[in-house]
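What follows is one structure encoded as structure tokens, with my remarks underneath.
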Amino acid sequence: MTTTFENLNPGDSIDGPQFAVSRESIRLFCDASLDYNPLHLDDDYMKGSFGKTNFGGIIMHGMNNFGLISRMLTDWAYPRGAIHRRLETRWVKPVRPGDTIQPTGIVKSKQVTKSSRWVLIDVMVRNQTGEKVATGEAMLEFPNE
Amino acid sequence: MAKVSPEGAEAFETDFWKDANLRKAWDDIVPGEPRKTLAYTLTKEAIELYCKSVGEDHPIYFDEAYAKTTRYGGLIAPPSIHILLMFSCTPADDWMRSPGTVNAGQSWSYNLPARPGDVIRLEARALDKFIKRERLFVVHDNVFFNQRNEVICSGRGWTIRPV
């Protein structure tokens, strides 16, 4: 059945792409985003502490999670005539080389306003052991035809 | 570490330790004070590289003939292209590059897609700074515009500053 605004329901789920994290994928994200923070490059630097935090080794960019969630949302939205309008995320756990992560979404609610129609979606990213590494909320618009 | 030179852009310094002493620390950041920004021409190649890094494969980012048939009327960049724009529209002494800057979360609203060839500018500032559980936070606030002064997207991020 084709998904439309009308037949979407709270609890409906969206599965995003699995993503294998490696030193190479992190380095590629450095080149693509121009974010060369040593958090993502320098193992020696990452042996130190960051105020109250010690990561123990390089970590993936938090915004790589963001990009994967956004990819899931747009790939879901385009064929349904919807538009990705907002994404808010928080990073819960660091992601490291060797992890495999996957974003998912669950429809939370729908709302109709004066000139359009909106869907709120809870999003999260889990790693290969099922731990949440990122959580957030998205808003998609289903414009009136 | 070498500099990289995206097409149409000046060489980008990839060594974030260089000029680190020029960047504002938490104590020096004044909420409300504008950050220095740079205009940046977004290229098809930069979009394609970003897409590759997160596995974006939708034809609306690559296939001009397909993209013309959509509501967008041509190629667009993924909404999350602001991840690249944040660094391409700021100079080397911007405090977002301080080594050890930890991203705690971000929220973004999308108005119009960015497109290849757009000349993009950024209005940005620190919006707030605070201490929580002994960590030094700064909230940054950003709006990207295209060459027609239309808002592409706006967003805010929570960063933990290096001590």
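Structure values in brief
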| read-out | value |
| --- | --- |
| Most fluctuating residue given options B:R23, B:R115, B:R133, as computed from a GNM of chain B linking Cα atoms under 10 Å | B:R133 |
| Entries in B:K36/B:K132; A:K110/B:K68; A:K108/B:K132; A:K110/A:K132; B:K36/B:K129; A:K93/B:K132 that, when Cα-Cα distance is taken, lie over 20 Å | B:K36/B:K132; A:K110/B:K68; A:K108/B:K132; A:K110/A:K132 |
| Helix-only [θ]222 nm of chain B, DSSP H runs n ≥ 4, -39500 (n - 2.57) each, per residue, nearest 500 | -3500 deg cm²/dmol |
| Rotationally averaged projected area of region A:1-85 (alpha carbon convex hull; nm²) | 8.1 nm² |
| Cα-based helix-to-principal-axis angle, B:44-54 vs chain B, degrees rounded to 10 | 70 degrees |
| Chain A: calculated mean residue ellipticity at 222 nm from DSSP helix runs of at least 4, using -39500 (n - 2.57) | -6500 deg cm²/dmol |
| With Cα atoms, 0 to 90° folded angle of helix A:23-33 axis to chain A main axis | 60 degrees |
| Inter-chain Cβ neighbour average for residues A:122-132, partner chain, 10 Å | 0 |
| Trypsin sites (Lys or Arg not before Pro) within region A:1-93, DSSP loop, no more than 16 other Cβ atoms inside 10 Å | A:K47, A:K52 |
| Using alpha carbons only: equivalent-ellipsoid semi-axes of the protein assembly as shown, gyration tensor based, whole Å | 30, 23, 19 |
| Where trypsin sites (Lys or Arg not before Pro) fall in DSSP loop in region B:44-116, at most 12 other Cβ within 10 Å | B:R71 |
| Exercise: per-residue mean of other protein chain Cβ atoms within 10 Å, B:69-76 | 1 |
| Within region B:9-56, chymotrypsin sites (Phe, Trp or Tyr not before Pro) in DSSP loop having at most 16 other beta-carbon neighbours inside 10 Å | B:W17 |
| Convex hull volume per residue in cubic angstrom - Cα atoms of region A:3-145 | 126 Å³ |
| Whole-Å semi-axes of the ellipsoid equivalent to chain B (Cα gyration tensor, √5λ, descending) | 30, 17, 14 |
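Computed from the coordinates by the stated procedures, all read-outs in this text should not be read as laboratory data. Small disclaimer: the values here were computed from a predicted structure and weren't measured. Glycine also receives a Cβ, built like all others from the backbone with ideal geometry; neighbour counts cover every protein chain displayed.
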